[in-house]
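S.K.: Below is a structure I'd like to ask you about.
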Amino acid sequence: MMESGVPLCSTCGEQVGLNSNGEVFVACHECNLPICKSCFDYEIKEGRSSCFRCGAPYEENATIADVETEVSANHSTMASHLNNMQDVGLHTRNISSVSTLDSELNDESGNPIWKNRVESWKDKKNKKKKAASKLAKEAQIPPAQQMEENQQPGDAAQPLSRVIPIPKSQISPYRAVIIMRLIILGLFFNYRVTHPVDSAFGLWLVSVICEIWFAVSWVLDQFPKWSPINRETYIERLSERYEREGEPSELAAVDFFVSTVDPLKEPPLITANTVLSILAIDYPVDKVSCYVSDDGAAMLTFESLVETAEFARKWVPFCKKFSVEPRAPEFYFSQKIDYLKDKVQPSFVKERRAMKRDYEEYKVRVNALVAKAQKTPEEGWTMQDGTPWPGNNTRDHPGMIQVFLGHSGAHDIEGNELPRLVYVSREKRPGYQHHKKAGAENALVRVSAILTNAPYILNLDCDHYVNNSKAVREAMCFMMDPQVGRDVCYVQFPQRFDGIDRSDRYANRNIVFFDVNMKGLDGIQGPVYVGTGCVFYRQALYGYGPPSLPSLPKASSCCSSCGICCCCCRPKKPTKDLSEVYRDSKREDLNAAIFNLREIDNYDEHERSLLMSQMSFEKTFGMSSVFIESTLMEYGGVAESSNPSLLIKEAIQVISCGYEEKTAWGKEIGWIYGSVTEDILTGFKMHCRGWRSIYCMPLRPAFKGSAPINLSDRLHQVLRWALGSVEIFLSRHCPLWYGFGGGRLKWLQRMAYINTIVYPFTSLPLIAYCTLPAICLLTGKFIIPTLSNIASIWFLGLFISIILTSVLELRWSGVSIEDLWRNEQFWVIGGVSAHLFAVFQGFLKMVAGLDTNFTVTAKSSEDGEFGELYVFKWTTVLIPPTTLLILNMVGVVAGFSDALNKGYEAWGPLFGKVFFAFWVILHLYPFLKGLMGRQNRTPTVVVLWSVLLASVFSLIWVKINPFVSKEDTTTVQGCISIDC
């Protein structure tokens, strides 16, 4: 250990060391910047000659540093650990070997002592220091020699990706139109507010309020798209840099997470295809681990994984030998393309036919398991050895872990090693809150940290398979680039879907969001996390801040005394204080605690209070010291101090029900709890800490999934998303007030997050605005007064600016007009149905604690390629848009009838009213088409609703009696009285 009292480097966490005179090394004498000699030499090598904190130039004599090289031990990988574990794993159908353990036995698990973890942490730090020393030595080599050496790797030293900005010819007009539309909006509202309609004041007031909300919503949605960008990756350079010929691959390891709950609703064959596509991915096999979370503890899922592991021994070598795409067998064999294209091997046709036969046999076996599982025995499922299946009670069962592939004996038919495949089912007990998918993902984080501890995590839904075998390499072009990946918490891929009809009537592809909004966010602080197809940096999930974490302004003593912070109170030169090192970065707190534990007795009371004890670690991460140790390994790997015989037992402990109690799980680390849309909340917390994310759109889509394509399923999907947004709005994590203290979330990024949580509330003004045209037609009143010439200019300018904004957006994004129109239509359909119910359900759930469910009843449909599209499922969510449709249709009929009765003068005002009514009907047309079903067969329930609502509106129509004016009514009544 080095001398105590030496400050830690603010960049890498190492002690800054001593200079040639035996004094503490100081890079900048102006602000006493704590930076070690290795990091300082790297800064000089990169051409930075001034302090990045205060901007003062470095002294010339300080730019020459002697860097010591320390030898570090290589970290053992999980492969070597699992090789010694003869009692774990499953290569044949021996179901009884599944590893289970009740939480009551977890207290007996042997944890490594703190001293061993300190020694392991020192080894990791030495390894990191060795890498830094290597960089420093390279900096001392003469430039000519460096040029000669750099000629050997070719493009290896070049950037692994580049940003492609939108051409100025496209983005400049787009921004100009946005500003112009904003100005026109101001003039438009000035006219609307100053010219009320006295004859219909209530309708006018409602319309103005709705229009103001729509304008605010447009601003929240539009301005985060101010600086959209595209990105390009260079996979060849990645290989040249980290996969040199004759040397072991230096690519970072990746842990894949696949989550499933109910195998009867999420077919095991679909999950199996996702797993097979992961195992066959184009990446070093020793760097890939696939964890399948079975949150339903279903024996069917377990047995299907047994069959999948066996079939993978044939499928994986076939994919890699012939470079097939995609590597999910179901979708590969169903392609309607020329499969002989680019396949020159003579044996390809023969092996492909054999593989297809093997896959059909595999499907028969899996489908047989599914058929068997349709009826559960009264005594529950039994394993082959006669013992009952531990997950027979899905709400009360122990944790289960089974390693199928990835250690000795688990080779493919050609004798090559296969990636790891691990089955995980966390413990469930009554009385515990399990937090659904977010809780399952956090359990996988802990299990994977103990077994493999890859520095990166890629999570996929069970119905999203790997469509591009090089997808992980695409992500690593950002994550492993020293210049780009330093502050990147995750790389998000767009979602693409199979099985959707060409017209995409319900906007299932969500093209506008993925190809327009996400590109815009990529130019700010990064795209939002959308729940699947995302590569995480594990350290970011642990709640650490980025290495270049922005520092917060420190208040002086006068600020603390008066309670007011002002510029004059801040000292011009920061004093040298050890607390500055720990002030804003949780990482530095943890590193200091583990690295300086042995010398804690040499610190004074103030310094000792800054070091975190083992108790602090356990309060944050839980009681598993093995897991705590893994969190401190920035580059992954399993610590040498870990006992291989206890790894599975320790992994069982961290998925017990009570493990997360009184910890930061779900609050500050891992997937964040508190909303059904845990993805938005998790990404938001990372961005608030100062991290940024990256949007990766390879030419071949990285992942593809299955989308709900019929109307009812689509609306319920949107309802779930909107409900999650309402929950976030009502929580402490609301972007309107959360995360302002750090100043690390950019304003446009915050605006985008605000838009993601307030958009469901647009349903209220949207319902009102869609009702106004019908009311105007039925009552003969109108919300807009007679337009003057100037007012006509504002109205015309507003419509033109809306059209221009859309056209220019299509130009730089490449989205088609049809996709934009479908998105606009479904914005109205979802807004007047699912979003409306989400608002009321969210308030009932958060305020009154009531959780309402909207039942879905399915009707059969004809078989066909898109037969599911025409399935009609009745649900209460369909009532509001159905009512709006009938109301506006009745209004149009009434309006034309009134105009025919009044004559020529009534036709002019009629067109304005009918225009808005047709706007509503056109936007709800896909909904109307969905109600009609296939071949215009209208369900009985829709007919009943139509008759009921039409009767109600007919009675209202008779009561209003629009065909007779007030004067005419008086005259008629008078005549009647005289006649009497």
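S.K.: Kindly flag which residue pairs out of Lys168/Lys341; Lys287/Lys662; Lys667/Lys746 have an alpha-carbon separation exceeding 30 Å in this structure.
M.R.: Lys168/Lys341; Lys287/Lys662
S.K.: Going through the cross-link list Lys428/Lys619; Lys437/Lys519; Lys781/Lys913, which pairs have a Cα-Cα distance over 18 Å in this structure?
M.R.: Too far apart for the 18 Å limit: Lys428/Lys619; Lys437/Lys519.
S.K.: A further question on this structure: Considering only protein heavy atoms, with the full assembly of protein chains and a 1.4 angstrom probe, order Ile800, Ile413, Ile44 by accessible area, largest first.
M.R.: Listed by decreasing accessible area, they come as Ile413, Ile800, Ile44.
S.K.: Taking region 343-390, which GluC sites (Glu not before Pro) meet the DSSP loop condition and have no more than 15 other C-beta atoms within 10 Å?
M.R.: Taking region 343-390 and a limit of 15 other Cβ atoms within 10 Å, the loop GluC sites (Glu not before Pro) found are Glu378, Glu379.
S.K.: Which FRET efficiency value, to the nearest 0.05, do you get for Gln433 and Lys929 by plugging their Cβ-Cβ distance into 1/(1 + (r/R0)^6) with R0 = 41 Å?
M.R.: The pair Gln433/Lys929 has a calculated efficiency of 0.45.
S.K.: Going by Cα centres, region 648-679 and region 818-838 are how many Å apart?
M.R.: Value for the Cα centre distance between the two parts: 35 Å.
S.K.: Another question, if that's okay. Can you pull the accessible area of Thr194 for me, 1.4 Å probe, Å² to the nearest 10?
M.R.: 80
S.K.: Next question, about the same structure. Below 8 Å between Cα atoms, with a sequence gap of 6+, how large is the relative contact order for region 649-739 in percent?
M.R.: 30
S.K.: Can you give the accessible area of Glu325, probe radius 1.4 Å, in Å² rounded to 10?
M.R.: 50
S.K.: Over region 410-457, give the accessible area per residue in Å² for a 1.4 Å probe, as an integer.
M.R.: 30
S.K.: Normalised by the number of residues in region 308-399, what is the relative contact order in percent for Cα pairs under 8 Å and 6+ residues apart?
M.R.: Contact order relative to length: 19 percent.
S.K.: Related question: By how many nm would the segment from Gln170 to Tyr635 lengthen if fully extended, with 0.36 nm per residue of separation less the alpha-carbon distance?
M.R.: 163.2 nm
S.K.: Figure the gain on full extension for Thr382 and Glu232 (residue separation times 0.36 nm, minus the Cα-Cα span) and round it to one decimal in nm.
M.R.: 48.8 nm
S.K.: Quick check for you: with a 1.4 Å probe and neighbouring chains kept, what is the accessible area per residue of region 168-258, in Å²?
M.R.: Result: 48 Å² per residue.
S.K.: Round to the nearest 10 and report in Å² the accessible area of Leu340, as given by a 1.4 Å probe over the protein chains' heavy atoms.
M.R.: 80
S.K.: So, one more: Relative contact order for region 395-553: what is it in percent, counting Cα pairs under 8 Å that are at least 6 residues apart?
M.R.: In percent, rounded to a whole number, it is 22.
S.K.: If you don't mind, another one. Could you tell me the distance between the Cα centroids of region 453-482 and region 517-533, to the nearest Å?
M.R.: Result: 16 Å between the Cα centres.
S.K.: Which shape class, rounded, prolate or oblate, goes with region 788-845 when its Cα gyration tensor gives a ≥ b ≥ c as root eigenvalues, a/c under 1.5 marks rounded, and past that a/b bigger than b/c marks prolate?
M.R.: Oblate is the answer for region 788-845, as a/c is 1.5 or above yet b/c matches or exceeds a/b.
The values are calculated or read from the model by the stated rules, or taken from the named source; none is laboratory data. Keep in mind it's a predicted model, so treat the numbers as computed, not measured. Every residue, glycine among them, receives a Cβ derived from its backbone with ideal geometry; neighbour counts consider all protein chains shown. Each accessible area value is taken on the protein alone, full model and side chains, heavy atoms only, with ligands, DNA and RNA left out. Shrake-Rupley method; radii C 1.70, N 1.55, O 1.52, S 1.80 Å.
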